[in-house]
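Worksheet for the structure shown next.
No lab work stands behind these numbers, since they all come straight from the coordinates. What you see is a predicted model; the values in this text were computed from it and never measured. A quick note on method: Cβ atoms are made from the backbone with ideal geometry, for glycine too, and the neighbour counts reach across all protein chains shown.
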Amino acid sequence: MRNLIASLLLLAALAGAAAADTFTFTPNPADLYDLDHHMVYTWRVSNVNLGGQTITGATLSIKNIRNWDSNPNMLFVHLLDTARRSGVRSFYDDNPGNVPVTDITDDFVNTRWHNGTDARGVSSTWLVPPGTADILLFATSFGTTPVDFVYSFTAAQIAALSAFIANGRNFALGFDPDCHYWNDGISLTLTTSPSAPVPEPGTLGLIGFALAALWAMVRRRAGQRGQTPITRFSSEARRGQISKASPTMP
Ligand SMILES: [Ca+2]
Ligand SMILES: [Ca+2]
Ligand SMILES: [Ca+2]
Ligand SMILES: [Ca+2]
């Protein structure tokens, strides 16, 4: 009987502990064209399906990122509810004739190019629709030595990401490299856990079967002693013998 009860407890625990999951997203091209200083990029991920799971962690990784020179620099990375177009898109925030570029301006915050003309003076639509929810993920500088950069989202950023995905099943990352960053690939990894630990039908069936087996065993043992299970249990309980009686059972 003890074994049976232990099995039941184990089944109940398994039912509530469905496996955590991991989802990895990579832009195309994976290195976002080596993050050119003259550009701003958006990477929109569409049709996101996390299987109903809740996001518990998010990390953005950039492999072997390094600055092309040692001038002052900043990489601005934003999390957006959406972007105008799916996949990777780019926009000129500095004239390609300017080399080296010395302007360091977060162009997701500064609206100088949001009104239909880019830094070349060419008619060009800004990457993000007006009024789109947008938060800064991080802004950081890099040297000329390659590093494997990993950024972990804060709890507030994870909550924002969850809300952005819930709105239209999409989200976007915005990159404004204000210097030129060689790199070997960018990826976003989400870790998730079940939103509500609901036992699967198969597990429920097993628990039901085990309960039925337990009840049948109690009835059989009671029958051997000429008592109904209820009578025997209540008389043992009165005598305080439930715990003493158990070890003799299989
Ligand atoms: Ca730029
Ligand atoms: Ca800029
Ligand atoms: Ca969205
Ligand atoms: Ca590259």
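What to note about this one:
- Residues V48, V147 in ascending order of nearby Cβ atoms (within 10 Å, fewest first): V147, V48.
- Nitroxide proxy distance, nm - points 7 Å out along Cα→Cβ at T26 and N49: 2.1 nm
- Calculated FRET value between D34 and S195, using beta carbons and R₀ = 41 Å, to 0.05: 0.60
- Furthest towards positive pole of dipole, H37, N98, S152, structure part the stretch 19-194, Cβ charges: S152
- Packing-based exposure ordering (other Cβ within 10 Å, fewest first) of V99, V77, V40: V99, V77, V40
- The stretch 19-194, relative contact order [Cα under 8 Å, separation at least 6], %: 52 percent
- As a proxy for reagent exposure, ranking Y151, Y181 by other Cβ atoms within 10 Å from fewest up yields Y151, Y181.
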